[in-house]
Amino acid sequence: MTEAPVSTPWPVPWRIHEIEPGVRLRISRPMPALPPPLEAEVERLWRLAQARTGGSLFNGRVFSSDSITPTLIEGHWTEFRRVVARMERPALGADLAVAPTAVGGVIVGGEGAERFVVFGRRPLRAVYQAGEWQLPPAGSLDPTASDGDMVDPVRQLLAEMGEEIGLPPDAVREPRPLCVVEHPGSGVLDLGIALRTGWSAEAILDAHTRAAHQEYDPLETVPLGALPAFLARHEGHVTRQTPIFLARAGLLSPA
């Protein structure tokens, strides 16, 4: 894996995996079977997480990365139960061999001094980075984004955008992959993609208000000039990948 350490205010450095604009994602192997004792522990941790989140979790299939190069990310479909088990017990990482991979957008609107970025606060019951501010849309890569053995991260991102914010696919343009950020504990990989929109901040907030699926509470549009103050105000409650994606998109000075 191509990677570089990132200087952050957190005790364990997060890793950045460099990728090219045309990076491809491919399914290269089936999901491996687990030994019975490990399978039992996964089920135990899954039930605990279900109880804590009010039974809201769904054991669907998500993309897990096995190797990353700047031009190709190879992996396999894994079940969400295994992802949750690794989040609950990071020490199981080597045995489970899962690196759940998600996409995250950086939606930039406006022109010149009027440019803004869209932020949203994650649900308090989320199993990953609960209650933290992030750059929406975001979500795990699932089979709906695949054609045969290839997986399209932009397709997934546009689907998440419609569900989470209420924006149609043609509301954004110029998707630009930025990098992949790796969580040092859970092994979650976030693939950042910058997007431009011609919609106004007011229109985006109105679409979110009217959307049936209220993923973020609240959703905010933050002017570029107010970004440092926004991040400082919510220090400790912003996802770790957020400032990295903002810096890679040229919207924030690197730490």
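The values are calculated or read from the model by the stated rules, or taken from the named source; none is laboratory data. Just so you know, these numbers come straight off a predicted model, no measurement behind them. So basically every Cβ, Gly included, is an ideal-geometry build from the backbone, and we count neighbours across all protein chains shown.
Tell me, please, whether a residue that is modelled with pLDDT under 95 and within 17 Å of the chain's Cα centre (by Cα) can be found in the range 70-78.
First pass over the range 70-78, keeping only residues modelled with pLDDT under 95: none.
No, every residue in the range 70-78 fails to be modelled with pLDDT under 95 and within 17 Å of the chain's Cα centre (by Cα).
What helices (runs of 4 or more DSSP H) completely inside the range 178-255 contain at least 1 residues that are more than 20 Å from the chain's Cα centre (by Cα) and among the small types (Gly, Ala, Ser)? Even if it seems obvious, please write down each step before you answer.
Working: elements: 201-210, 227-233, 241-248.
In the range 178-255, the matching helices (runs of 4 or more DSSP H) lie at 201-210, 227-233.
Out of everything in the range 206-226 that is modelled with pLDDT under 90 and touching a Pro at 6+ places or on another chain (Cβ under 8 Å), what residue ends up being farthest from Pro168 (Cα to Cα)?
Ranking the qualifying residues of the range 206-226, first place goes to Asp217.
Which of the residues that make up the range 47-66 are on the phi < 0 side of the Ramachandran plot and either at pLDDT below 95 or not in a strand (DSSP E or B) (or both)? I'd like the intermediate steps shown before the answer.
Narrowing the range 47-66 to residues on the phi < 0 side of the Ramachandran plot: 47-53, 56-66.
Result: Arg47, Leu48, Ala49, Gln50, Ala51, Arg52, Thr53, Ser56, Leu57, Phe58, Asn59, Gly60.
Would the range 23-46 turn up any residue that is surrounded by 14 or more Cβ atoms within 10 Å (Cβ to Cβ) and at pLDDT below 95?
No, every residue in the range 23-46 fails to be surrounded by 14 or more Cβ atoms within 10 Å (Cβ to Cβ) and at pLDDT below 95.
When you look at Leu195, is it in contact with a Cys (Cβ under 9 Å, 6 or more places away or on another chain) and either surrounded by 18 or more Cβ atoms within 10 Å (Cβ to Cβ) or among the hydroxyl-bearing types (Ser, Thr, Tyr) (or both), yes or no? Walk me through how you get there before you give the answer.
Working: in contact with a Cys (Cβ under 9 Å, 6 or more places away or on another chain): no; either surrounded by 18 or more Cβ atoms within 10 Å (Cβ to Cβ) or among the hydroxyl-bearing types (Ser, Thr, Tyr) (or both): yes.
So Leu195 does not fit the description; no.
Given the conditions (1) at pLDDT 95 or above; (2) hydroxyl-bearing (Ser, Thr, Tyr); (3) out of contact with any helix residue (DSSP H, G or I) (no Cβ under 8 Å at 6 or more places or on another chain), which single one is not true for Thr197?
(3)
Would it be correct to say that Ala203 is at negative phi, in contact with a helix residue (DSSP H, G or I) (Cβ under 9 Å, 6 or more places away or on another chain), at pLDDT 95 or above and surrounded by fewer than 21 Cβ atoms within 10 Å (Cβ to Cβ)?
yes
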